[in-house]
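> Supplied in structure tokens, the structure appears directly below.
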Amino acid sequence: MIPREIYLQQLRQFIDKPLIKILTGIRRSGKSSVLLLLKEELLLRNVPEAQIIHLNFESFEYIALQTAEALYKFIKQQIKTNKQYYFLLDEIQEVEGWEKAVNSFLVDFKADVYLTGSNSHLLSSELATYLAGRYVEIPIYTLSFAEYLQFQRYYFPDKIQDNRAAFESYLSLGGFPVIHTANYSEETAYKVVYDIYSSVILRDTMQRYKIRDVELLERVVKYAFDNIGNTFSGKNVADYFKSQQRKVDVNTVYNYLHALEGAFILFRSPRYDLRGKEILKTQEKFYVSDLSIIYAVMGYRNRMISGILENVVFLELKRRGYQVFVGKLDDKEIDFIAEKQGEKIYVQVAYKLESTSTAEREFASLLAVKDQYPKYVVTMDAFWKESVEGVKHIHIADFLLMDTFS
């Protein structure tokens, strides 16, 4: 199994700490694999396998444990000594009342608890109620470009590509790990991804939020996908449907967007006003959790390339632990202001700087920011100036592989 070090490094900090560790992310993003990698790590630390209780609640083997009471009784039977036990509980949201059982584990046993789940709102709401202040969330994303290269080297060692050519392959297939364990065609890959998407829509969106108007939900999804990289609001969506002779309440649109965020299909990036130093409540941007979902649902569209590249950069910033905002400075827009531990970076994303006017526009937004934090213009140009007055221009493949952005 290929180690996903970005997540193992985070988990290592919390092993044996008195906090519940919860791995969240869209289905098939690799949460279960990270849990297995953690098990390997514990075994390397000489933890006896009998003290590691690993359950996957999507397996029929554990169908009888899908109530809090049944799970608690089963776990209690496994505890044979007063030593530390490690509970690795995969897709915990399948257990009704799971939060009560987990709370009891902390009270009754010497336990180090790790959970995975595929709906952020389900987990955050129940955890906040029962386990406030006693958990840490570790988001798991689909493969980064660096991880994609790692998978390519492992599964296809004879396939040689330079990084920029490899990036174009990554861009067309997305990052779901299962796609990169075999030599799938684009058509087959998108069928696999569409099945993942359908499962997420059904189980983590419609069932969880009791959504009955499937057709409207799919329209909202397609509107969001078609506007990746564009600012919009619930009112924009409602107005669009009105123009299509379909009356939709703005609150319903926001509820559907909220549900899609909860299932990790979409991520929201709020706008930040640099001049007023405040987060604005309107005209945010939404990005998809993996590009291949857009292709699977809507097909590949060349006109979307700028938004697609923005999406790739957004996810990379999120993977690295940044809070990511869309920037506004007077009449200028900055694609991303990313903050982490008091540090910032600014990123402008474009497909290509095909003319002097395009280049001037992309650099101008960043040159207007007068602080000393790093600033990047990220594109797919093969050649261009390296920097303009301290604003660095870099190919997106090289940007994604940088060790650090600061």
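The values are calculated or read from the model by the stated rules, or taken from the named source; none is laboratory data. It should be emphasised that the depicted structure is a prediction, and the values quoted were computed from it without experimental measurement. In this analysis, Cβ positions are derived from the backbone assuming ideal geometry, glycine residues included, and neighbour counts consider all displayed protein chains. Quick note on the areas: whole protein, heavy atoms, side chains included, nothing else; ligands and nucleic acids left out. Shrake-Rupley method; radii C 1.70, N 1.55, O 1.52, S 1.80 Å.
> Let me spell it out: the conditions are (1) under 24 Å from the mean Cα position of the chain (by Cα); (2) open to solvent by 20 Å² or more (accessible area, probe 1.4 Å); (3) not aromatic (Phe, Trp, Tyr), and Ile196 meets all of them except one. Which number is the exception?
(2)
> Further question on the same structure: If Asp226 passes every condition in (1) at pLDDT 90 or above; (2) open to solvent by less than 10 Å² (accessible area, probe 1.4 Å) but one, which one does it miss?
(2)
> Further, regarding this structure: Report, ordered by the first and then the second residue, all pairs with beta carbons closer than 9 Å, sequence separation of six or more or different chains, a first member in segment 271-288 that is in contact (Cβ under 8 Å) with a residue 12 or more places away in the chain and farther than 16 Å from Thr231 by Cβ, and a second member that is buried (at least 17 other Cβ atoms within 10 Å of the Cβ) and not aliphatic (A, V, I, L, M).
The qualifying pairs are Arg275/Lys328.
> I've got another one for you. If I go through segment 160-187 residue by residue, how many of them are hydrophobic (A, V, I, L, M, F, W, C), surrounded by 12 or more Cβ atoms within 10 Å (Cβ to Cβ) and in a helix (DSSP H, G or I)?
As a first pass, look at segment 160-187 and keep what is hydrophobic (A, V, I, L, M, F, W, C): 160, 165-167, 171, 173, 176, 178-179, 182.
Cutting the leftovers down to surrounded by 12 or more Cβ atoms within 10 Å (Cβ to Cβ) gives us 166-167, 171, 173, 176, 178-179.
Next, from what is left, pick out any that are in a helix (DSSP H, G or I): 166-167, 171, 173, 178-179.
Total satisfying the criteria: 6.
> Yes or no: segment 71-90 includes at least one residue that is in contact with an Asp or Glu (Cβ under 9 Å, 6 or more places away or on another chain), under 24 Å from Thr142 (Cα atoms), among the charged types (D, E, K, R) and open to solvent by 40 Å² or more (accessible area, probe 1.4 Å).
no
> Residues that are open to solvent by 40 Å² or more (accessible area, probe 1.4 Å) and on the phi < 0 side of the Ramachandran plot: find the helices (runs of 4 or more DSSP H) completely inside segment 289-406 holding 2 or more of those.
Counting at least 2 such residues, we get 305-319, 356-367.
> Given Arg271, Arg275, which one is more than 30 Å from Thr116 (Cβ to Cβ) and open to solvent by less than 80 Å² (accessible area, probe 1.4 Å)?
Just one listed residue meets the conditions, Arg271.
> With respect to Leu257, is the statement that it is within 26 Å of Ser306 (Cα to Cα) and either out of contact with any strand residue (DSSP E or B) (no Cβ under 6 Å at 6 or more places or on another chain) or not hydroxyl-bearing (Ser, Thr, Tyr) (or both) true?
yes
> Now, a different point. Taking Leu217, is it in a helix (DSSP H, G or I) and farther than 26 Å from Thr282 by Cα?
no
> Does segment 93-107 include one or more residues that are β-branched (Val, Ile, Thr) and crowded, with 16+ Cβ neighbours inside 10 Å?
yes
> May I pose another question? I'm trying to understand the selection: among the residues of segment 77-100, which are in a helix (DSSP H, G or I), among the charged types (D, E, K, R) and touching a helix residue (DSSP H, G or I) at 6+ places or on another chain (Cβ under 8 Å)?
Correct list: Glu99, Lys100.
> Take Ala111 and decide whether it is open to solvent by less than 10 Å² (accessible area, probe 1.4 Å), in contact (Cβ under 8 Å) with a residue 24 or more places away in the chain and of a type in the set (A, V, I, L, M). Working first, answer last.
Numbers: open to solvent by less than 10 Å² (accessible area, probe 1.4 Å): no; in contact (Cβ under 8 Å) with a residue 24 or more places away in the chain: yes; of a type in the set (A, V, I, L, M): yes.
No, not satisfied.
> Could you check how many residues of segment 371-389 are modelled with pLDDT of 90 or more and either in contact with a strand residue (DSSP E or B) (Cβ under 6 Å, 6 or more places away or on another chain) or more than 30 Å from Leu149 (Cα to Cα) (or both)?
So the count comes out to 9.
> OK, next. Hey, does segment 230-238 have a residue that's open to solvent by 30 Å² or more (accessible area, probe 1.4 Å), part of a helix (DSSP H, G or I) and either more than 30 Å from Ala350 (Cα to Cα) or of a type in the set (Lys, Arg) (or both)?
We begin by selecting, within segment 230-238, every residue open to solvent by 30 Å² or more (accessible area, probe 1.4 Å); these are 230-231, 235-236.
If we keep only those that are part of a helix (DSSP H, G or I) as well, we get 235-236.
Adding the requirement that they be either more than 30 Å from Ala350 (Cα to Cα) or of a type in the set (Lys, Arg) (or both) leaves 235.
Yes, segment 230-238 contains a residue that is open to solvent by 30 Å² or more (accessible area, probe 1.4 Å), part of a helix (DSSP H, G or I) and either more than 30 Å from Ala350 (Cα to Cα) or of a type in the set (Lys, Arg) (or both).
> Let me ask you something else. Could you please give the count of residues in segment 136-159 that are open to solvent by 70 Å² or more (accessible area, probe 1.4 Å) and either touching a helix residue (DSSP H, G or I) at 6+ places or on another chain (Cβ under 6 Å) or acidic (Asp, Glu) (or both)? Walk me through how you get there before you give the answer.
Step one: of segment 136-159, the residues open to solvent by 70 Å² or more (accessible area, probe 1.4 Å) are 137, 153-155, 157-159.
With the extra rule that they be either touching a helix residue (DSSP H, G or I) at 6+ places or on another chain (Cβ under 6 Å) or acidic (Asp, Glu) (or both), the set shrinks to 137, 158.
Here the count works out to 2.
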